[in-house]
Every structure is written in C-alpha cells, then in structure tokens.
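A.B. asks: I'd like to ask you about the structure that follows.
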Amino acid sequence: GTPEPLDAEEARAWRSYKADPRAFMLLRSYIPTALRVEVTDPADPTPYVYLSTRSPERLAAALAAVRAS
C-alpha cells in the first residue's frame, strides 16, 4: 500500500485509540514519529504495518523508489 508518514500527534493516535490489534507494529517509545503502510494483500489479515522512525518522509520516499524500480 501507500506509505503514510505520521507526525508525532498522528503517530500517538495510531499507537493508541486508532490501533488495530491485527497490525504489525515496530514501536520505539523514544521516537515520536512513524510511518504507516497499508497492507493490500487480500490473503493477509494484517491491516497495516506501523514503523517508528525519526525520518518518516525519507522512509516513505525510499519505499516509493523501490516500488518504482
């Protein structure tokens, strides 16, 4: 799916009340920002992947570059 960079406030929301228990989440409590990538495989019950990262925009750009090549 499309990567979605999350600022600190939105990342906090996806770690708490927006979180889906089926999601794969790599959490680092000391990193306030994150990247959320929707899983689009219909055979996979995981709705999204949540990754704590200090540079969510750079990680999203790297994923887009890999997808384009």
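A.B. asks: Taking the DSSP beta bridges in region 1-67 as the whole, what percent of them are antiparallel, to the nearest 5?
C.D. replies: Taking every DSSP beta bridge within region 1-67, about 75 percent pair in antiparallel fashion.
A.B. asks: For Glu4 and Ala19 in one chain, what is 0.36 nm times their gap in residues minus the Cα-Cα distance, to one decimal in nm?
C.D. replies: Result: 3.9 nm gained on full extension.
A.B. asks: Given that compact globular proteins tend to follow 2.2 N^0.38 Å, what is the ratio of the alpha-carbon Rg of the chain to that value?
C.D. replies: 1.08
A.B. asks: With +1 on the Cβ of every Lys and Arg and -1 on the Cβ of every Asp and Glu, and nothing else charged, how large is the dipole of the chain about its Cα centre, in debye rounded to the nearest 20?
C.D. replies: Approximately 240 debye in magnitude.
Read-outs throughout are calculated quantities, based only on the coordinates presented, and are distinct from any laboratory measurement. Values in this document were obtained by computation on a predicted structure and should not be read as measured data. All Cβ positions, even for glycine, are placed from backbone atoms using ideal geometry, and neighbour counts span all protein chains on display.
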